[in-house]
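**Q** For reference, the structure I am asking about is given below.
The values are calculated or read from the model by the stated rules, or taken from the named source; none is laboratory data. Treat the numbers as computed from the prediction; the structure is a model and nothing was measured. Neighbour counts are summed over all protein chains in view; Cβ atoms, including those assigned to glycine, are modelled from backbone coordinates with ideal geometry. Note: areas computed on protein heavy atoms with side chains; ligands, DNA, RNA excluded. Shrake-Rupley method; radii C 1.70, N 1.55, O 1.52, S 1.80 Å.
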Amino acid sequence: MDFQNLHQILRTLYTEMMPLCGNMVGIAKGIAGLGALFYVASRVWQSLSHAEEIDVYPLLRPFTIGLCILFFSTFVLGTMNSVLSPIVTGTHQMLSSQTLDLNTLREQRDRLEREAMIRNPETAYLVSNQEYDKKIEEMSALNPKHLLTMASMYVERELYKMKKDLQNEVKSILEIIFQAAGLIIDTIRTFYLVVLSILGPLAFAISIYDGFQSTLTQWFSRYISVYLWLPVADLFSMMLAKLQSLMIGKEISSLQDPTYIPDGSSAVYIIFMLIGIVGYFVVPTVASWIVQAGGMSTYNRNVARGIQRGGAIAGATLGASGGNIIGQLKK
């Protein structure tokens with residue numbers, strides 16, 4: 001399964017749903033026009049009642065918001081996405097380069113680990129068919145002692161293969177869950193962006209009325225915060241990839257020592273995958289720290305708290321199961 005294609009589908013979904021903003025422009029224009037009338041009339045009447053000069057500059061606010069509503073897709077969303085999209089592109093490139101380096105280090109580690117096991121006469125037959133056949137040929141099938149040794153070697157070799165297969169299966173499952181967690185974050189992010197974009201003209205129109213001026217700044221802060229979910233998730237994944245690179249670098253340094261005997265355990269990799277799965281659920285909270293204007297609403301706070309609670313439950317469950325799996329792999 002190619003998760004990059006799924007992420008690209010979400011990008012395409014967002015782009016194709018943007019024309020729906022035009023359906024809200026007509027409604028928003030009516031609300032904004034009525035709001036501008038009340039806004040200008042109340043301030044002009046207030047100035048006249050106090051025998052003061054009419055300040056024209058504040059009266060331009062509803063007309064500016066009205067222009068933003070008329071050209072919402074181009075002027076507002078186009079500008080916001082043009083400014084924020086380089087951040088997404090930059091973090092994704094950083095993650096791609098770090099992932100490429102990590103894959104190279106894994107291949108080098110696996111190659112050195114196999115060479116180290118082949119150097120050791122006691123473990124060479126576990127990974128090399130030639131060494132296994134060579135040991136079998138050195139023994140006599142007529143000797144009962146040799147028969148027991150051959151049977152023991154066969155059992156140890158099969159157990160080693162089963163252990164490696166189990167490790168690969170566990171790693172594959174955790175990698176799928178890790179990618180799925182990132183896809184969940186991206187799907188929720190796309191849903192929020194679509195809702196904010198389609199109902200954005202309505203939010204702009206309501207912000208003209210007295211008492212709702214903060215709606216405009218909150219809309220901008222929430223849009224930017226949700227848009228930054230993906231860069232924050234990429235930075236988190238890049239940090240995990242960097243940590244794994246450092247750990248694999250230490251393993252490579254140890255494997256280059258001819259006297260070092262590897263244990264073939266994947267416990268560290270499994271632990272990092274569990275951390276990554278749980279860590280994805282704190283991305284909305286971290287993104288909300290970057291841009292805030294007036295704070296999040298109760299609904300968004302509850303959503304963020306629910307995501308964190310779900311992540312904690314998932315982390316506890318995966319941690320318990322992961323601990324059992326790691327214990328079995330170490331045996």
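**Q** Quick one: what Rg and Dmax do you get for the stretch 120-251 from the alpha carbons, in Å?
**A** Rg then Dmax for the stretch 120-251, in Å: 29.8, 99.
**Q** To the nearest Å, what is the center-to-center distance of the stretch 91-121 and the stretch 226-247, using C-alpha atoms only?
**A** The stretch 91-121 and the stretch 226-247 have Cα centres spaced 19 Å from each other.
**Q** Quote the FRET efficiency, to the nearest 0.05, computed for Q256 versus E156 with a Förster distance R0 of 25 Å and r equal to the Cβ-Cβ distance.
**A** Numbers: r = 26 Å, r/R0 = 1.05.
Approximately 0.40, to the nearest 0.05.
**Q** After finding the eigenvalues of the alpha carbon gyration tensor for the stretch 40-103, what semi-axes result from the square roots of 5 times each, listed largest first in whole Å?
**A** Details: eigenvalues 498, 31, 8 Å².
Values for the stretch 40-103, descending: 50, 12, 6 Å.
**Q** For the pairs K163/K242; K164/K250; K135/K161; K135/K164; K135/K171, note any where the Cα-Cα span goes beyond 24 Å. Display every interim value, and only then the final one.
**A** Working: K163/K242 27 Å; K164/K250 21 Å; K135/K161 18 Å; K135/K164 22 Å; K135/K171 32 Å.
Those over the limit are K163/K242; K135/K171.
**Q** Here is a follow-up. What would the Debye formula give as log10 I(q)/I(0) at q = 0.09, 0.10, 0.11, 0.16 Å⁻¹ for the alpha-carbon point model of the stretch 1-152, no solvent?
**A** The computed values of log10 I(q)/I(0) come out as -0.65, -0.71, -0.77, -1.02.
**Q** Could I ask something else about it? Between R119 and M247, how many nm apart are label points set 7 Å from Cα along the C-beta direction?
**A** Distance between label points: 2.4 nm.
**Q** How many percent of the accessible area of the stretch 8-155 is carbon or sulfur, using a 1.4 Å probe? Don't jump to the answer; show the numbers that get you there.
**A** Working: 6210 of 9720 Å².
Reported share for carbon and sulfur atoms: 64 percent.
**Q** Can you give the FRET efficiency for E52 and L84, using 1/(1 + (r/R0)^6), R0 = 35 Å, r = Cβ-Cβ distance, to the nearest 0.05? List each step's numbers first, then the result.
**A** Values: r = 42 Å, r/R0 = 1.20.
Using R0 = 35 Å, I get an efficiency of 0.25.
**Q** Moving on to the next point. Semi-axes of the equivalent ellipsoid of the stretch 171-231: what are they in whole Å, largest first, if each equals the square root of 5 times a C-alpha gyration tensor eigenvalue? Display every interim value, and only then the final one.
**A** Values: eigenvalues 234, 19, 8 Å².
Rounded to whole Å, the semi-axes are 34, 10, 6.
**Q** Translational diffusion coefficient of the stretch 73-135 at 20 °C, 1.002 mPa s, Stokes-Einstein with Kirkwood Rh over Cα pairs, in µm²/s as a whole number.
**A** Working: Rh = 15.7 Å.
So the translational diffusion coefficient is about 137 µm²/s.
**Q** On to the next question. Among the aspartates and glutamates, select those whose C-alpha is under 20 Å from the C-alpha of K29, and discard any that sit fewer than 8 residues away in the same chain.
**A** D210
**Q** Averaging over all projection directions, find the projected area of the Cα convex hull of the stretch 1-47 and quote it in nm² with one decimal place. Can you show the working numbers first?
**A** Numbers: hull surface 19.7 nm².
Computing the convex hull of the Cα atoms and averaging its projections yields 4.9 nm².
**Q** If you don't mind, another one. Give, in nm to one decimal, the length gained when the segment between V286 and Q4 is fully stretched (0.36 nm per residue of separation minus the Cα-Cα distance).
**A** Working: separation 282, 0.36 × 282 = 101.52 nm, distance 2.33 nm.
Extra length from V286 to Q4 when fully extended: 99.2 nm.
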